[in-house]
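This report refers to the structure that appears directly beneath it.
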Amino acid sequence: MAKVVVVTSGKGGVGKTTSTASLGAALAQAGKKVAVIDFDVGLRNLDLVLGAERRVVFDLINVTQGVAKLSQALIRDKRVDTLFLLPASQTRDKDALTEEGVANVIAELREKFDYVICDSPAGIERGAQLAMRFADEAVIVTNPEVSSVRDADRIIGLLDSRTLRAERGESVNKYILVTRYDAARAARGEMLTIDDVLDILSTPLLGIIPESEGVLRSSNVGSPVTLNEPNNAAARAYFEAARRLQGEDVPMVLPVDRRGLFDRLFGRRAA
């Protein structure tokens with residue numbers, strides 16, 4: 001039976017979709033069979049990050065409403081054959097999603113995959129709550145800045161109250177993924193340190209993803225950074241986070257984008 005993981009946040013623009021794609025690809029690259037689901041109905045983006053936008057025929061709404069079978073809607077990645085995408089609809093409203101329909105899709109996916117990763121819309125509205133409803137584990141994505149961390153704290157409260165596991169008296173395993181981290185800026189007090197984030201959220205740390213132009217480059221060409229630039233510091237951090245998600249004990253270190261540092265130190269001189 002698959003482990004269902006929701007990737008969520010209170011604030012938009014923190015890197016949920018990028019992280020869903022990168023973690024999903026990293027798990028698939030490790031040999032796991034992975035399905036990633038886009039729950040952001042009306043604002044579909046996961047297909048773009050995975051380079052599958054031209055291959056979408058059916059979507060999550062079609063499957064929940066019985067218009068299409070799950071096998072018809074799932075898109076197999078062309079680079080990693082154990083990675084599959086279930087896209088969101090661009091033309092429907094979030095109200096088209098029903099709890100019963102989502103439950104049926106998740107139940108079917110559990111039987112066929114090792115991991116089901118749900119890319120949640122930001123915030124606390126219906127789509128976000130349905131994305132987390134059936135989760136076994138949650139990755140809460142936050143940037144190291146106060147408003148993002150505060151909103152992440154609100155999401156932790158929802159995971160402890162609105163999920164099916166919570167209603168059964170069970171817990172959802174929760175992890176923090178800090179994205180766009182810059183150690184130099186944190187040292188200057190321009191953003192929160194990792195210790196600051198953990199003191200506020202009191203939740204285990206899954207990974208620290210450094211600020212990296214490689215992430216943006218990869219998204220723009222429709223490829224997760226773990227596939228497009230596997231030696232990039234952000235890619236290495238996602239690989240390590242994926243290993244921790246599988247239960248491995250991987251030491252946590254502050255990642256450094258060595259190439260980016262070299263460019264900053266010597267780029268002007270070379271020019």
Inset, instruction - Would you mind telling me which numbered condition in (1) under 17 Å from residue 253 (Cβ atoms); (2) within 19 Å of the chain's Cα centre (by Cα); (3) among the charged types (D, E, K, R) residue 182 fails? - result: (2)
Legend entry - 1 or more residues at positive phi and either free of Cβ contacts under 8 Å to residues at least 60 places away in the same chain or open to solvent by 10 Å² or more (accessible area, probe 1.4 Å) (or both): qualifying helices (runs of 4 or more DSSP H) within the stretch 1-107: none
Inset, instruction - Working carefully through the options 218, 171, find the one that is at pLDDT 95 or above, touching a helix residue (DSSP H, G or I) at 6+ places or on another chain (Cβ under 8 Å), of a type in the set (Gly, Ala, Ser) and under 24 Å from residue 24 (Cβ atoms). - result: 218
Legend entry - Subset of the stretch 7-52 [of a type in the set (D, E, K, R), at pLDDT below 95 and closer than 14 Å to residue 88 by Cα]: 40, 44
Inset, instruction - Give me a count of the residues in the stretch 122-181 that are under 19 Å from residue 207 (Cβ atoms) and part of a loop (DSSP other than H, G, I, E, B). - result: 6
Inset, instruction - Would you check if residue 219 is under 14 Å from the mean Cα position of the chain (by Cα), open to solvent by 10 Å² or more (accessible area, probe 1.4 Å) and of a type outside the set (A, V, I, L, M, F, W, C)? - result: yes
Inset, instruction - Just give me the residues in the stretch 182-200 being in a loop (DSSP other than H, G, I, E, B) and of a type outside the set (S, T, N, Q), in sequence order. - result: 182, 188, 189, 190, 191, 192
Inset, instruction - Pull up the stretch 123-170, narrow it to residues that are polar (S, T, N, Q) and within 20 Å of residue 15 (Cα to Cα), then point me to the one that is nearest to the chain's Cα centre (by Cα). - result: 142
Inset, instruction - Could you grab me the full set of residues in the stretch 177-194 that are closer than 19 Å to residue 244 by Cα and either of a type in the set (A, V, I, L, M, F, W, C) or surrounded by fewer than 17 Cβ atoms within 10 Å (Cβ to Cβ) (or both)? - result: 177, 178, 194
Inset, instruction - May I ask you to verify whether residue 94 is in contact with a helix residue (DSSP H, G or I) (Cβ under 8 Å, 6 or more places away or on another chain) and of a type in the set (D, E, K, R)? - result: yes
Inset, instruction - Could you tell me which of the residues 117, 124, 155 is in contact with a Gly (Cβ under 8 Å, 6 or more places away or on another chain), closer than 26 Å to residue 35 by Cα and open to solvent by 20 Å² or more (accessible area, probe 1.4 Å)? - result: 124
Legend entry - When residues of the stretch 201-216 are limited to those that are without any contact (Cβ under 8 Å) to a residue 60 or more places away in the chain and part of a helix (DSSP H, G or I), the one least open to solvent (accessible area, probe 1.4 Å): 214
Legend entry - Unmet requirement for residue 223, which otherwise passes all of (1) modelled with pLDDT of 95 or more; (2) small (Gly, Ala, Ser); (3) closer than 23 Å to residue 205 by Cβ; (4) out of contact with any Asp or Glu (no Cβ under 6 Å at 6 or more places or on another chain): (3)
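The values are calculated or read from the model by the stated rules, or taken from the named source; none is laboratory data. Bear in mind the structure is a predicted one, so any value in this text is a computation, not a measurement. We place every Cβ from the backbone using ideal geometry, glycine too, and count neighbours over all the protein chains shown. Protein only, heavy atoms only, side chains kept; ligands, DNA and RNA dropped before computing areas. Shrake-Rupley method; radii C 1.70, N 1.55, O 1.52, S 1.80 Å.
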